[in-house]
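The values are calculated or read from the model by the stated rules, or taken from the named source; none is laboratory data. Predicted model, so just to flag it, every value in this text is computed and none were measured. Here the Cβ is made from the backbone with ideal geometry for all residues, glycine too, and neighbour counts use every protein chain on show. Side chains are part of the model used for accessible areas, which takes the heavy atoms of the whole protein and leaves out ligands, DNA and RNA. Shrake-Rupley method; radii C 1.70, N 1.55, O 1.52, S 1.80 Å.
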Amino acid sequence: MYSGAAAVAAAGSPRRDFISVTLGPEETVGVGGYNNSKAWRRRSCWRKWKQLSRLQRSIILFLFAFLAVCGVISYTSMGETWKSITNKSLDDQRTEQEIPRLKLANPGLLPAPQKADASHGDYAELSLQKPPKPPHVRRGPSNLQIKAPWRDTKLKTRHDTMRAVEELVEADKVEKTEKSIISWRGAVIEPDQSTEPPSSKITEPEKPSSVEAEDQKEPVPINERQLAVIEAFRHAWKGYKDFAWGHDELKPLSKSYSEWFGLGLTLIDALDTMWILGLKEEFEEARKWVANDLVFDKNVDVNLFESTIRILGGLLSTYHLSGDSLFLEKAKDIGNRLMPAFKTPSKIPYSDVNIGRGTAHPPRWTSDSTVAEVTSIQLEFRELSRLTGDEKFRKAVDEVMKHVHILSGKNDGLVPMFINTNSGQFTHLGVYTLGARADSYYEYLLKQWIQGGKKENELLEDYMRAIEGVKKHLLQRSEPKKLTFVGELAHGHFSAKMDHLVCFLPGTLALGAHNGLAADHMKLAETLIETCYQMYAQVETGLSPEIVHFNLHAQKGHKDVEIKPADRHNLLRPETVESLFYMYRFTGDKKYQDWGWEILQNFNRYTRVPTGGYTSINNVQNPSNPEPRDKMESFFLGETLKYMFLLFSDDIDLINLDKYVFNTEAHPLPIWVPA
């Protein structure tokens, strides 16, 4: 039955053929199944290639040939680029070895500081005798392309490789132009030293073309007296670094610190001094602190005047000398935070600003500001406007000067010491001095005129009138040596009192004479600097007190200088050394250097602390016990030692006074070049 049914089914349906193949594992491999071997993949690709049409195979071959040609061209181009970069680096090194130090061509840049040397001896070894002549020392390393310290390889981590290549290629292009190399002191300086591309708001200072070969000068080596200043600075810096790092001021005896604003005043004040002295290692570590730890966003009251001349001025000066935009950014930050001080009914700024809260106020005991404070912030804010393109800074301080220019209450150009922030009027009328609370008003009249290119006639007019007022009302001669000095006038009564602060005046008068003002200004400067020197020479320690009184009548056994017990302290002030620097720079008379050398030696004898630092003293009349006060003011590093170093230099291009003007804290700012 089964076979019959099968036959019927076969007869009634189409024929179907089936082939069944069963393979074991061994057989699968044997017939060429996929096993992921290299041989199998090659055969598979070849079969696919053969399956392509001739047109398809031709297109693919053409693409491969095209890519190969492009690769060869690219390799050749990159090879030439890297070859030019390598050649430039080698050429730079040869140039640095062969070219002698040249004249500074760009007033906005000084050479990178030299690396710290070993100590030049202990304080005990310093004496009035000249030490052995040092080896020939150049400012800056002789075989190193000059760049700001933070541009060293170890500090380039914040730049990516492509940026570095672009800078090198751009430098190679610039080198081919006539203005490509700005050379100074045996080193090549790249025109653009900033670590970041300038903001579109920033107006770059004018850069003069390279000096001609015939104008280039032979190098001026650092002399033994300058080396003594460097040693003194390092000793002071050691104390600050060991016991007060990042704080405002060192207390060298107690090996601690004091705070005023909590903004590292000593460090910021000393930045440009380190650059000028060539202390690369110290500068680099200070810069790191500024980059990582200097923060202005804190709830603290600062004095507008002091923070402007020390912090804002120090940052702007260091930016100009080094080219590092870090310092400009910090300057913009503090500048903006100080602006609330000008929000007063009269536009005469308050004395104090909370830089964290953005509020300002006068002192608790009065609504007055001192005239010197509100009229001695102009150089810094004007320069900040020039660099940033933001006119609000200059407008604020220019309004103050224009207001003071037309105020009544002056006496032949002499101004009172106080001005009210509400009414905008002078207060405490009838008292006139060139000492504390008024001194730098007169200094900044002249220096603003110089800074702005000698165009602002109101400033010059006020300065010239004030000097005539000094001659008429404040000049007297002492007995027995007939020293010319500047006293004070109080309600018509003359006082033979002269602050050490007044010793800024000889230097200012000399600066004015150098810039074309009356020749008798220089004669007066020469007589006044003699007086300031005698304020040191006639004292037992050879150091000047804070205030002296001059004898107007000859008395047996009395010197010209009398010192009251409350005035016999010395704060390591710079004013006399500052004027000595100007006088030597403009006259070349070596006696000014010798006077400064005596002062430095006496600082070392009576104020130097063995463990590091220098201290102000309470009694300049007691050599056996000058009574140290345990405080090193920031201006000792920012001003006193800086002016000492410049005084002992015979290089007029080391902060050229035709290119720079110093603020009242000894921070050099560029004189504006007419567009």
> What ranking of VAL295, VAL220, VAL577 comes out by heavy-atom accessible area, probe 1.4 Å, highest first?
Replying inline: VAL295, VAL220, VAL577
>> Which entries of LYS402/LYS590; LYS410/LYS523; LYS447/LYS559; LYS347/LYS523 have Cα-Cα distances beyond 29 Å here?
In response: LYS402/LYS590; LYS447/LYS559; LYS347/LYS523
>> Rolling a 1.4 angstrom probe over the protein chains, ignoring ligands and nucleic acids, what is the accessible area of VAL539 in square angstrom, nearest 10?
In response: 10 Å²
> Based on the inverse mean of 1/r over its pairs of different Cα atoms, what is the Kirkwood hydrodynamic radius of region 355-401, in Å?
Replying inline: 12.1 Å
>> At 7 Å along Cα-to-Cβ for each site, give me the label-to-label distance between VAL295 and SER258 in nm.
In response: 2.6 nm
> Distance from the Cα centre of region 616-675 to that of region 413-449, in angstrom?
Replying inline: 23 Å
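Two-decimal Rg/Rh of region 522-675 from alpha-carbon positions, Kirkwood Rh?
Taking Rh as the inverse mean 1/r over Cα pairs, Rg/Rh reads 1.00.
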> Length gain on complete extension for the stretch ALA496 to ASP589, per 0.36 nm per residue less the alpha carbon to alpha carbon distance?
Replying inline: 30.6 nm
> To the nearest 0.05, what FRET efficiency results for VAL673 and HIS514 with a Förster distance of 25 Å applied to their C-beta separation?
Replying inline: 0.90
>> Using 0.36 nm times the number of residues separating SER367 and ARG394, minus their current alpha carbon distance, what extension gain do you get?
In response: 7.3 nm
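Kindly state, to the nearest 0.05, the FRET efficiency for ASN354 paired with LEU475, given R0 = 35 Å and r defined as their beta-carbon distance. Kindly include the intermediate steps, with their values, before the conclusion.
Details: r = 42 Å, r/R0 = 1.21.
After rounding to 0.05, the efficiency reads 0.25.
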>> Over region 292-359, with the other protein chains present, what is the accessible area per residue in square angstrom, probe 1.4 angstrom?
In response: 30 Å²
> How much of the accessible area of region 349-421, in percent, comes from carbon and sulfur atoms when a 1.4 Å probe is used?
Replying inline: 50 percent
>> Quick check: with the 1.4 Å probe, what order do GLU562, GLU458 take by accessible area, largest first?
In response: GLU458, GLU562
>> I'd like the accessible area for CYS70, computed on protein heavy atoms only with a 1.4 Å probe and all protein chains in place. Round to 10 Å², please.
In response: 60 Å²
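What number in nm² do you get for region 567-619 if you take the convex hull of its Cα atoms and divide its surface by four? Each step should come with its number before you reach the end.
Details: hull surface 16.5 nm².
Projected over every direction and averaged, the Cα hull of region 567-619 covers 4.1 nm².
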